[in-house]
1. Show me, bin by bin at 10 Å from 0, the whole-percent P(r) of region 25-64 based on Cα pairs.
2. At 222 nm, what helix-only mean residue ellipticity would the chain give, in deg cm²/dmol to the nearest 500, using -39500 (n - 2.57) for each DSSP H run of four or more?
3. Helix 16-30: angle to the longest alpha-carbon principal axis of the chain, degrees 0 to 90, nearest 10?
4. With a bin width of 5 angstrom, please list the P(r) values of region 49-94 as percents of all Cα-Cα pairs, from the 0 bin to the one holding the largest distance.
5. For region 1-94, which trypsin sites (Lys or Arg not before Pro) are in a loop by DSSP, counting at most 16 other Cβ atoms within 10 Å?
6. With every atom except the alpha carbons ignored, what do you get for Rg and Dmax of the chain, in angstroms?
7. So how far, in whole Å, is the C-alpha centre of region 66-94 from the one of region 1-24?
8. Which loop-located chymotrypsin sites (Phe, Trp or Tyr not before Pro) does region 1-64 contain, where loop means any DSSP state but H, G, I, E or B and the Cβ has at most 14 other Cβ atoms within 10 Å?
Amino acid sequence: MVGSSKSNIGHAQAAAGMLGVIKVLLAGLHGHVPASLFTDNPTTVVDWDRTSLRPATKLHPWQPENGCRYGAISSYGAGGVNAHTIIGLPVREENDDF
């Protein structure tokens with residue numbers, strides 16, 4: 001699923017990358033990928049049928065793989081600074097204390 005925190009909250013300027021991290025952490029904790037707003041008409045530039053990527057148009061269950069949920073965050077700065085990270089979140093047992 002491909003999502004965006006900007007569509008949910010707006011442009012966070014210098015905090016945009018951290019906002020993406022927080023969104024992935026909360027989504028992983030709750031086991032659902034939240035919908036990104038304004039994705040009713042995905043771009044036609046991407047051939048969605050030829051890729052495994054899908055825009056997060058609604059709330060989706062986030063199934064773990066090998067006991068973890070993996071999410072990626074990309075952040076692009078206007079000055080040319082780009083960052084990408086992958087986060088692995090172990091799935092908690094229902095009776096685990098947080």
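1. Final binned percentages: 27, 46, 26, 1.
2. It lands at -5500 deg cm²/dmol.
3. The answer is roughly 30 degrees.
4. 5, 14, 16, 21, 20, 14, 7, 3, 1
5. Of the trypsin sites (Lys or Arg not before Pro), the ones in loops of region 1-94 whose Cβ has at most 16 other Cβ atoms within 10 Å are 58, 92.
6. According to the Cα coordinates of the chain, Rg and Dmax are 14.6, 46 Å.
7. After rounding, the separation between the Cα centres reads 12 Å.
8. Passing sites in region 1-64 are 38.
The values are calculated or read from the model by the stated rules, or taken from the named source; none is laboratory data. Values in this document were obtained by computation on a predicted structure and should not be read as measured data. Methodologically, a virtual Cβ is constructed for each residue, glycine included, from the backbone with ideal geometry; neighbour enumeration extends over all protein chains shown. Heavy atoms of the whole protein, side chains included, go into the accessibility calculation; ligands, DNA and RNA do not. Shrake-Rupley method; radii C 1.70, N 1.55, O 1.52, S 1.80 Å.
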